[in-house]
Every structure is written in structure tokens, then in C-alpha cells.
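Working notes, beginning with the structure itself.
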Amino acid sequence: MQGVSCQPFPSGSDPAAVGRRSVAALTIDGGEAPEKRIERLIREHPVVIFARRGCCMCHVMRRLLAAVGAHPTVIELEEAEEAAAILAAGVIPALFVGGVAVGGIEGLMGLHLSGRLVPRLREVGALRG
């Protein structure tokens, strides 16, 4: 996971700016196995998306989450790391909320349309109020 970039959105950021990169990439030490690192990142962040660089569905997921006030940590995977993320969630891009796999865009949209997304985000501390 040498080239993993971690891009959380700052509080109060403009949802229209979601597609723009405003945070520098964070390189993580390569000493940890990809599976263990993915598990750790899922535990450490209330909302995390694992995606390929330039993934349009990841962009859509980020926009929807920003529209409801959540700012996920986005981890861009290298090819060698995708298998570990797929094992954890079943799809790429993969969304985790509170350490639980939501799935891809379909899972996120299902939560949103059923009215369960915002309560779940509040429950894990990703939303205030």
C-alpha cells in the first residue's frame, strides 16, 4: 500500500468542491499487510471509501455523502491492494460506515432512499446534531 492516498474532507467544506482535491496524499508505511491495513483503516474512520484512482462512482458516493453533511475518508487503492478491499466489501468502490460494509453505490443509494443513511451516519458520529 505504498501509494495509498487518504483524503478526508474538512468540516464545513462546500459539497460543490467535492470533486476537487484539496488535501495532499498521505503515504502509509508499506510494512503492514494490505488486508490488515484495510481492516485498521475501516476501524479508525467512521466513514471510509476504498476506490480506484479517478473512479466516477466514488465521486458520486462522495457527493451524496457531502450533500447530507458527511465527509468520508477516501482511500485510493493500487491494483495490488484492490483484492483485499474486494474481499472486505465485495465491490470497488467500497463504502464502510461505522466499520460495517455498506457495499458500493447501490448499497449507499439503498440506505439513502430508505431513509436510513442519515440516522446511521449520526449513530457512528459522522454527522453532528
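Using the per-residue mean of other Cβ atoms lying within 10 Å as a proxy for protection, in what order, highest first, do the peptides 106-116, 75-85 fall?
Working: 106-116: 13.7, 75-85: 17.7.
Most protected by this proxy first, the peptides run 75-85, 106-116.
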How many percent of DSSP beta bridges within segment 40-129 run antiparallel, rounded to 5?
60 percent
In terms of modelled amide H atoms, which long-range or inter-chain residues lie less than 5 Å from the amide H of ARG52?
LEU77
Simple label model, 7 Å out from Cα along Cβ direction - GLU123 to LYS36, nm:
3.1 nm
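In segment 63-129, what percent of the accessible surface is made up of carbon and sulfur (1.4 Å probe, ligands and nucleic acids excluded)? Mind dumping the intermediate values first?
Values: 1690 of 3170 Å².
Of the solvent-accessible surface of segment 63-129, carbon and sulfur hold 53 percent.
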Using a 1.4 angstrom probe, figure out how much accessible area segment 58-129 has per residue, in square angstrom, rounded to the nearest whole.
46 Å²
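The values are calculated or read from the model by the stated rules, or taken from the named source; none is laboratory data. Note that the structure is a prediction, hence the values are computed from the model and not measured. With ideal geometry, Cβ positions are generated from the backbone for all residues, glycine too; neighbour counts draw on all protein chains shown. Accessible surface is based on the protein model in full, side chains and every heavy atom, while ligands, DNA and RNA are left aside. Shrake-Rupley method; radii C 1.70, N 1.55, O 1.52, S 1.80 Å.
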